[in-house]
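The values are calculated or read from the model by the stated rules, or taken from the named source; none is laboratory data. Quick caveat: nothing in here was measured; it's all calculated off a predicted structure. We place every Cβ from the backbone using ideal geometry, glycine too, and count neighbours over all the protein chains shown.
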Amino acid sequence: MADPADANYFPDPRPMSEAPKDRTSVLARILRDLPAKKSGQEASQNLHDLAGLLVVVCHPGDIEGVRDLGWRLAGPFGYGLGPDDWFEGWWPLPGNGEGHGQEDD
């Protein structure tokens, strides 16, 4: 069986800037070198634990264009993960069309 941790398991991801920001759940990979890209207080143990993980995330959208709330784990967890630049990219989930139109709530 193929190992999803293998970089060749998935096709190249789409840029996070193209991911739906309408509460649609998508599969995304957190940057493998996230701790190295952040410095100081942001480079916490949490970042080391999250680096390279594949996660199902959704984005609630901007609050009337005022602020980007960032990506969160899909589902009723309330765990925010970060902005677009914390991810390598995304893939649509099976049965979710092209990653548009299916809400997680």
I need every pair where a residue in the range 45-62 that is farther than 21 Å from Asp12 by Cβ has its Cβ under 9 Å from the Cβ of a residue that is among the polar types (S, T, N, Q), sequence separation at least 6 or different chains.
Cys58/Thr24; Cys58/Ser25
For the range 82-93, pairs from a residue that is closer than 13 Å to Arg72 by Cα to a residue that is of a type in the set (Ser, Thr, Tyr), with Cβ under 6 Å and 6 or more apart or across chains, are Asp84/Ser17
Restricting to the range 54-84, name every residue that is surrounded by 13 or more Cβ atoms within 10 Å (Cβ to Cβ) and in a loop (DSSP other than H, G, I, E, B).
His59, Pro60, Gly61, Leu69, Gly70, Ala74, Gly75, Pro83
Checking Ala28 against (1) among the small types (Gly, Ala, Ser); (2) modelled with pLDDT of 75 or more; (3) part of a loop (DSSP other than H, G, I, E, B), which test does it fail?
(3)
Looking at the range 85-105, which of the residues that are charged (D, E, K, R) and surrounded by 14 or more Cβ atoms within 10 Å (Cβ to Cβ) is modelled with the highest pLDDT?
Glu88
Test: Pro13 is surrounded by 13 or more Cβ atoms within 10 Å (Cβ to Cβ), modelled with pLDDT of 80 or more and over 12 Å from Pro92 (Cα atoms):
no
